[in-house]
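Novice: Next up is a structure, given as structure tokens.
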Number of protein chains: 2
Amino acid sequence: MTKDAFLGYVFSSRGSASLRKFTSKGGRELYALGAHLLVELKDCNPEILKSLEEVRDALVSAAREAKATIVDISFHEFSPFGISGMVVIAESHLSIHTWPEYGYAAVDIFTCGEVIRPEVAAAYLIERFESKSPSIVEMKRGILSHENIKLPHKCSESEMQSVA
Amino acid sequence: MTKDAFLGYVFSSRGSASLRKFTSKGGRELYALGAHLLVELKDCNPEILKSLEEVRDALVSAAREAKATIVDISFHEFSPFGISGMVVIAESHLSIHTWPEYGYAAVDIFTCGEVIRPEVAAAYLIERFESKSPSIVEMKRGILSHENIKLPHKCSESEMQSVA
């Protein structure tokens, strides 16, 4: 992918249109810049967790399944075993750390924008690592209330007052 | 750093000695493989959040402040502005995504082992980005109860029974 194509894509995914609206328990409308899935994969197949090729292919494939745009990939193998890996995507990142000796992998799927489907990536990885006891926590990142949303490239109220 | 030196380091940081012991509300002893700080940096200096050099230097310096061993670095600039970056460390990773238009950065500091000091990295970044409204949530990753800890390279109870 050319740098220009990449930058063009990110422009749309990082714009104000990518804010995710949700309602708090008190009924207040809030917006989040990012959605972060913390995925705990327990009771996995340890042979898969040990393999650099398997773990890398799983995380890259998960990013593709989620419709992410892959920007960079970095995987490292530890001694005696265990893999750490990051897939940087235009919409943020996926990361994994495996502990084959405990049948466990910690996965993070941090995304922004409306197009990407992080839950598809999570479901894919649960299956791929044969996790018999997975759990997922979703954290909203960069929560903004309606009042402090200033759309980029658009006059804010204070700017309009100074012009008048 | 040579590959051998890196592997040697990781061996010690990923061993059973790196488990962090803590007590649940019910008084139960538990162990966690990883400590994950989710750092919300609000009301930052947007000029710093826009600069690839500043953001990269801040995250790399934060990793060093925490006594981490840096393995790989990947940073990307978006159009019209915003930076995504990852610092892979032997003890797991640091990541950052910045939204200068909202004065906001999402930082993750995922670590394992007893030597590293993730809270020092978090404090450093709060100061470096001049965040006037930071918050930190700590998530324990890979929680194990006392019963399901099997030390690697040591017979488990079931293995001993099969021998008897």
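The values are calculated or read from the model by the stated rules, or taken from the named source; none is laboratory data. From a predicted model like this one, the values you see are computed outputs, not experimental measurements. Quick reminder, even Gly has a Cβ in these numbers, built from the backbone with ideal geometry, and neighbours come from all protein chains shown. Ligands, DNA and RNA are excluded from the accessible area calculation, which covers all protein heavy atoms including side chains. Shrake-Rupley method; radii C 1.70, N 1.55, O 1.52, S 1.80 Å.
Novice: Could you give, in nm with one decimal, how far A:Val120 is from each other copy of that position, shortest first, with labels 7 Å out from Cα toward Cβ?
Specialist: 4.3
Novice: Distances from A:Lys140 to the same residue in each other copy, label points 7 Å out along Cα→Cβ, in nm, shortest first?
Specialist: 2.8
Novice: Spelling out what I want: for every residue of segment A:59-71, take phi, set θ = phi - 60°, compute 6.51 cos²θ - 1.76 cosθ + 1.60 (Karplus), and round to whole Hz; glycine and proline get x.
Specialist: Result, rounded to whole Hz: 6, 5, 5, 4, 4, 5, 4, 7, 6, 7, 9, 7, 10.
Novice: Here are some pairs, A:Lys21/A:Lys140; A:Lys42/B:Lys140; A:Lys50/B:Lys21; which of them have Cα atoms lying more than 18 Å apart in this structure?
Specialist: On the way: A:Lys21/A:Lys140 11 Å; A:Lys42/B:Lys140 14 Å; A:Lys50/B:Lys21 25 Å.
In this structure, A:Lys50/B:Lys21 exceed 18 Å between Cα atoms.
Novice: R0 = 30 Å: FRET efficiency of A:Lys25 with B:Glu114, Cβ-based, nearest 0.05? Before the final figure, lay out each step's value.
Specialist: Details: r = 38 Å, r/R0 = 1.26.
So the FRET efficiency works out to roughly 0.20.
Novice: Please work out the Cα convex hull volume for segment B:20-112 and give it in Å³ per residue. Don't jump to the answer; show the numbers that get you there.
Specialist: On the way: hull volume 9.4 nm³, N = 93.
Here the figure is 101 Å³ per residue.
Novice: Which cross-chain or sequence-distant (5 or more) residues have an amide H under 5 Å from the amide H of A:Ile143, H modelled 1.01 Å from N in plane?
Specialist: A:Leu33
Novice: Further question: Considering the rotation that carries chain A onto chain B, locate the chain A residue whose Cβ comes closest to its axis and report the distance in whole Å.
Specialist: In chain A, the Cβ lying nearest the symmetry axis toward B is A:Met86, 2.
Novice: Then there is this: Solvent-accessible area per residue for segment A:20-119 at a 1.4 Å probe radius, Å²? If you can, show how the numbers build up before the last one.
Specialist: On the way: 3480 Å² over 100 residues.
Roughly 35 Å² per residue, with all protein chains present.
Novice: Which value in nm describes the separation of the simple spin-label points at A:Asn45 and A:Lys140, placed 7 Å from the Cα toward the beta carbon?
Specialist: 3.8 nm
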